[in-house]
Amino acid sequence: RPAPPGMPVVFGAVPYRNAVRAVLLAHKERGALGLARPLGAALAGAVRAALMDGGAGWGDGYGRAPGGALGPVTLVPVPSAPRAVRARGHDPTRRIAYAAAAELRRAGVAARVLAVLRQRRAVADQSGLDARQRFVNVTGALEVVGGGSGPLTGIGRIVLVDDLITTGASLAEAARAIAVATGSKKIEWEPGAERGCSEAGPGMACEADRIMFRAAVVAASPDSFEINWN
């Protein structure tokens with residue numbers, strides 16, 4: 001608190017500390033790629049929580065779309081900076097997203113990964129920046145590949161995914177980039193909100209191509225609230 005403007009509701013699996021921090025850093029920075037599967041399982045748990053949270057058309061209590069009308073849940077990973085991907089030899093969040101999608105499918109939830117976000121300009125390293133500086137640093141930094149809504153046409157449920165949330169600035173920017181590409185009238189920012197869907201009553205789904213957001217992360221920083229107050 002306060003959340004950055006446009007940040008979707010976020011679900012996390014575990015606090016970012018101790019063993020969790022060590023595992024995430026080993027996967028991200030030291031190439032321990034075998035950790036992607038357990039991290040993906042943790043992320044899948046957060047995604048399932050997002051799907052079971054309620055709101056129009058989000059799920060039947062098990063994360064499945066009612067009647068399959070809205071199709072699979074689409075995981076959209078927040079992209080790493082190109083220089084970081086080159087240095088690490090992989091994009092850790094994308095790798096975890098694919099592992100999470102596989103875990104969800106094994107549990108009977110139709111899930112896919114759509115890596116459509118990319119950086120359109122360079123950003124500074126976020127470590128050491130407070131909440132306001134992080135928001136300024138990443139605002140306008142992401143875009144949908146190709147600059148259009150083509151890859152996102154017909155998608156009903158999107159869960160933005162990342163390995164870690166600290167202030168929420170990156171997730172808010174990812175949501176903004178998708179909103180720009182698709183048109184904000186198709187975006188549901190809050191659980192149960194029926195924006196752009198006036199013909200439906202509370203708790204009812206409409207417009208099969210309407211985009212509805214949640215966000216899910218493996219871990220949330222225990223200090224994130226303090227940082228957000230800075």
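The values are calculated or read from the model by the stated rules, or taken from the named source; none is laboratory data. All of these numbers come straight from a predicted model, not from anything done at the bench. Quick reminder, even Gly has a Cβ in these numbers, built from the backbone with ideal geometry, and neighbours come from all protein chains shown. In case anyone asks, the SASA skips ligands and DNA or RNA and just uses the protein heavy atoms, side chains included. Shrake-Rupley method; radii C 1.70, N 1.55, O 1.52, S 1.80 Å.
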Could you put Arg17, Arg95, Arg214 in order of accessible surface area, largest first, with the 1.4 Å probe and the full protein assembly present? Arg17, Arg95, Arg214
Taking 41 Å as R0, compute the FRET efficiency from the Cβ-Cβ separation of Arg17 and Arg106 and round it to 0.05. 0.90
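Taking R0 as 35 Å, what's the FRET efficiency between Arg88 and Met52 from their Cβ-Cβ distance, rounded to 0.05?
Here the calculated transfer efficiency is 0.60.
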Probe 1.4 Å, all protein chains in place: accessible area of Leu25 in Å², nearest 10? 40
Ordering Tyr16, Tyr98 by the accessible surface of their heavy atoms, 1.4 Å probe, largest first, yields Tyr98, Tyr16
For Leu164, the residues 5 or more places away or on another chain with a placed amide H closer than 5 Å to its own amide H are Val218, Ala219
Keeping all protein chains in the complex and leaving out DNA, RNA and ligands, what accessible area do you get for Leu43 with a 1.4 Å probe, in Å² to the nearest 10? 0
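For the range 24-53, which trypsin sites (Lys or Arg not before Pro) pass both filters: DSSP loop (anything but H, G, I, E, B) and at most 14 other C-beta atoms within 10 Å?
Of the trypsin sites (Lys or Arg not before Pro), the ones in loops of the range 24-53 whose Cβ has at most 14 other Cβ atoms within 10 Å are Arg30.
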Report Met52's accessible area, 1.4 Å probe, all protein chains in place, as a number in Å² to the nearest 10. 100
